[in-house]
1. Considering every residue within segment 181-200, establish whether at least one is closer than 30 Å to Asp27 by Cα, in a loop (DSSP other than H, G, I, E, B), acidic (Asp, Glu) and assigned by TED's automatic domain parsing to the domain that holds Glu15.
2. Would you be able to say whether some residue in segment 85-95 is buried (at least 19 other Cβ atoms within 10 Å of the Cβ), touching a Lys or Arg at 6+ places or on another chain (Cβ under 8 Å) and in the same structural domain as Ser177 (by TED's automatic domain parsing)?
3. If I filter segment 9-19 down to residues being touching a helix residue (DSSP H, G or I) at 6+ places or on another chain (Cβ under 8 Å) and modelled with pLDDT under 90, which single residue comes out as surrounded by the fewest Cβ atoms within 10 Å (Cβ to Cβ)?
4. Any idea which of Ala42, Ala55, Ala49, Ala32 is part of a helix (DSSP H, G or I) and without any contact (Cβ under 8 Å) to a residue 60 or more places away in the chain?
5. Taking segment 12-23 as the search range and keeping residues that are part of a loop (DSSP other than H, G, I, E, B) and farther than 11 Å from Ala113 by Cα, which one is nearest to the chain's Cα centre (by Cα)?
6. From (1) within 28 Å of Gln107 (Cα to Cα); (2) among the acidic types (Asp, Glu); (3) out of contact with any Leu (no Cβ under 7 Å at 6 or more places or on another chain), pick out the condition that doesn't hold for Asp185.
7. For segment 130-147, state whether one or more residues are in contact with a His (Cβ under 7 Å, 6 or more places away or on another chain) and assigned by TED's automatic domain parsing to the domain that holds Gly29.
Amino acid sequence: MKFKIYNSTADSCDEKEIGEFPSFDDDKGIAALRQVVLAHQANARQGNASTKTRAEVSGTGKKAFRQKGSGTARRGDRRSPILRKGGVAFGPKPRDYTQHLNRKVRQLALRRALFEQGSNGAIDIIEEWIVSEPKTRIVNDIIGKIAPKGKILLLGDKFSNDALLASRNIPRLSITSSSDVNAMDLVHHDRIIISSTGMDKILIRANG
């Protein structure tokens with residue numbers, strides 16, 4: 001698959017063929033990608049929603065009035081779920097939503113996410129990510145030449161402290177290491193800019 005490759009200042013552009021890039025001829029990996037995305041969303045849930053049952057709310061357990069003869073609907077004590085400030089029937093309780101995925105599923109999802117974004121022309125390569133000083137303007141100028149709009153994910157083997165400081169004030173830019181990126185990160189960004197060394201590392205991860 002061919003990709004645009006930019007120099008460190010994004011002033012010039014060329015094309016590069018990457019033969020090791022993931023390729024699919026059918027729908028293989030789509031189910032794994034969906035499963036990984038759902039797992040990441042589930043794992044982000046706190047699971048701390050909680051309500052009190054009728055056994056946990058305060059109040060007397062005495063029956064409010066006799067069962068028959070009052071002319072009103074029959075009910076028990078004031079902690080009944082049908083009453084205001086009573087207990088909640090079948091309400092949520094704290095729980096763990098964590099989903100565990102095996103390595104092969106995550107790896108297949110990563111390959112499929114790379115293929116989808118690469119096929120859509122959403123992946124660009126930059127030879128080297130160089131930021132001479134921690135200035136947001138420098139980073140903004142570089143990414144503006146490559147991707148003027150949209151949410152951008154910047155990947156690399158490693159980043160200098162100046163690069164991290166210069167990137168943190170750009171709302172549409174996320175920056176992470178190729179060794180830490182996952183399929184969820186790839187599909188939730190409009191454009192992905194990867195350094196040459198970062199591309200090598202993510203391909204090693206994807207191809208196993």
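The values are calculated or read from the model by the stated rules, or taken from the named source; none is laboratory data. What you see is a predicted model, and the numbers here were worked out from it, not measured in a lab. Here the Cβ positions follow ideal geometry from the backbone for every residue, glycine too, while neighbour counts run over all protein chains shown.
1. Restricting attention to segment 181-200, the residues satisfying the condition of being closer than 30 Å to Asp27 by Cα are 181-200.
Cutting the leftovers down to in a loop (DSSP other than H, G, I, E, B) gives us 181-182, 188-190.
Filter once more, keeping what is acidic (Asp, Glu): 190.
Then keep just the ones that are assigned by TED's automatic domain parsing to the domain that holds Glu15; that gives 190.
Scanning segment 181-200 turns up at least one residue that is closer than 30 Å to Asp27 by Cα, in a loop (DSSP other than H, G, I, E, B), acidic (Asp, Glu) and assigned by TED's automatic domain parsing to the domain that holds Glu15.
2. For segment 85-95, residues buried (at least 19 other Cβ atoms within 10 Å of the Cβ), touching a Lys or Arg at 6+ places or on another chain (Cβ under 8 Å) and in the same structural domain as Ser177 (by TED's automatic domain parsing): absent.
3. Step one: list which residues in segment 9-19 are touching a helix residue (DSSP H, G or I) at 6+ places or on another chain (Cβ under 8 Å), which gives 9-11, 18.
Okay, now just the ones that are also modelled with pLDDT under 90, so 9-11.
On the way: Thr9: 13, Ala10: 18, Asp11: 9.
Among those that are touching a helix residue (DSSP H, G or I) at 6+ places or on another chain (Cβ under 8 Å) and modelled with pLDDT under 90, it is Asp11.
4. Numbers: Ala55 fails: part of a helix (DSSP H, G or I); Ala49 fails: part of a helix (DSSP H, G or I); Ala32 fails: without any contact (Cβ under 8 Å) to a residue 60 or more places away in the chain.
When all the criteria are applied, what remains is Ala42.
5. Restricting to residues being part of a loop (DSSP other than H, G, I, E, B) and farther than 11 Å from Ala113 by Cα, the top hit is Phe21.
6. So Asp185 meets the others, but not (3).
7. Checked segment 130-147: no residue is in contact with a His (Cβ under 7 Å, 6 or more places away or on another chain) and assigned by TED's automatic domain parsing to the domain that holds Gly29.
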